[in-house]
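The values are calculated or read from the model by the stated rules, or taken from the named source; none is laboratory data. Remember, predicted model here, so these are calculated numbers, not experimental data. Cβ placement follows ideal geometry from the backbone for every residue including glycine, while neighbour counts extend to all protein chains displayed.
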Amino acid sequence: MENKGLTDYEYYIGLMSGTSLDGIDAVLVDFASDPPRLIEAHTHPLPDALRQQLGALCQPGDNEIERMGRADIALGERFAAAAQQLLRQTGIPATEIHAIGSHGQTIRHRPDAGFTLQIGDANRIARHTGITTVADFRRRDMAAGGQGAPLVPAFHAALFRSPDITRVVLNLGGMANITLLPAHPERPVSGYDTGPGNVLMDAWARQHLGRPLDENGAWAATGCVNEALLTRCLSDAYFRQAPPKSTGREHFNTDWLAARLAESEHPHSPADIQATLCELTAVSVAEAVRQTDTDAAELLVCGGGTNNTYLLSRLEAHLDSMDVIPSNERGLAADWVEAVAFAWLARETLEARPGNLPAVTGASEAVVLGAVYWA
């Protein structure tokens, strides 16, 4: 075993709670290694009551400020607990961690109105852990005229870009986003949210199976795609909107799905609807990849949707000229890429380096992201 002292390491923690609301992804990363070395990772559960509160805050409702304030406190404490669990599992003291990068939980993303809101009180994270915390990454990009999303493409470029191959990185979270990484060094990195990733499938599985997701896509695989419903879903104007663009639960949600189901002349079986929702994700992603007008040979997939083997098979069917590969095969486990990205973004902030890509977000310039809450 290599003999290193603690000072030979550059430890950061990344905390990520995405639109799927399936838990807090927490990672401890060493950035002294190239590529970065993932030391420890776990998913910290969200209590059902808190998850329901967060889901409700994603839509307009009564008494929002009071409810948001309470959820902000509760979630900040859960984020702190997730970070503390990492330290217990590794035995690394808090004093050796440079910083925590906390994405927070998005409860409203309205780039059309120029604002976005992520909660999970970073004051409490810094207080409970004793570790400097960087949070509120998205609004500085918006202040520069950007969408505030997606932000992970900058990390994708740092980790996965190669002069030997043009790649597209696909993140399959609640929403799906792509990053084009040209091999040619003078071609810019680009990317955007393509639309729903897992969010509609997860909601439908929760409603009809009583489970948080359709494991491996096994239920969707038993259904048949309803072409009329798929066409209605794909007719949404978001899919035709030119990038830069980003989206969230404000747009793609159960009400959105219900409105399209209400237009159906005949009832559909729940399994057929799940198959159609899976196909919606696959088709919208594949069309976005084709529109990059690139010679990309590889689709590198990360995010929780990587575990949906049926969805990956549908992507392979629509993108048969590309190799569809989990990011595990390129050095970083697919489940943890986003959390590692926010640890990396915290590092960029503390080094006073820009963390956004204007070609992706539409910002007028590259800017240093985030607010720092000192330990």
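Structural remarks
- Residues considered: 59, 52. Of these, the only one that is under 20 Å from the mean Cα position of the chain (by Cα) and without any contact (Cβ under 8 Å) to a residue 24 or more places away in the chain is 52.
- Flag if residue 208 is touching a Phe, Trp or Tyr at 6+ places or on another chain (Cβ under 9 Å) and not acidic (Asp, Glu): yes
- The helices (runs of 4 or more DSSP H) found wholly in region 240-336 and carrying at least 1 residues that are under 27 Å from residue 27 (Cβ atoms) and in contact with a helix residue (DSSP H, G or I) (Cβ under 7 Å, 6 or more places away or on another chain) occupy 270-291, 309-318.
- Residue in region 227-241 that is within 20 Å of the chain's Cα centre (by Cα), surrounded by fewer than 20 Cβ atoms within 10 Å (Cβ to Cβ) and at pLDDT 95 or above present: yes
- Of all the listed residues (213, 230), the sole one being outside the structural domain of residue 18 (by TED's automatic domain parsing), not in a loop (DSSP other than H, G, I, E, B) and not basic (Lys, Arg) is 230.
- Check on residue 110, among the basic types (Lys, Arg) and farther than 19 Å from residue 23 by Cα: yes
- If you go through region 216-242 and keep only what is in contact (Cβ under 8 Å) with a residue 60 or more places away in the chain and not hydrophobic (A, V, I, L, M, F, W, C), you end up with 216, 217.
- Meets criteria (surrounded by fewer than 19 Cβ atoms within 10 Å (Cβ to Cβ) and either within 25 Å of residue 77 (Cβ to Cβ) or in contact (Cβ under 8 Å) with a residue 40 or more places away in the chain (or both)) for residue 95: yes
- A residue that is part of a loop (DSSP other than H, G, I, E, B), touching a residue at least 12 places away in the same chain (Cβ under 8 Å) and buried (at least 21 other Cβ atoms within 10 Å of the Cβ) occurs somewhere in region 33-40.
Residues checked against (1) over 20 Å from residue 303 (Cβ atoms); (2) not assigned by TED's automatic domain parsing to the domain that holds residue 57:
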residue	(1), (2)
88	yes, no
110	yes, no
118	no, no
123	yes, no
139	yes, no
159	no, yes
165	yes, yes
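- In the set 181, 151, only one residue is touching a Phe, Trp or Tyr at 6+ places or on another chain (Cβ under 7 Å), farther than 20 Å from residue 117 by Cα and either in contact (Cβ under 8 Å) with a residue 12 or more places away in the chain or of a type in the set (Val, Ile, Thr) (or both); that residue is 181.
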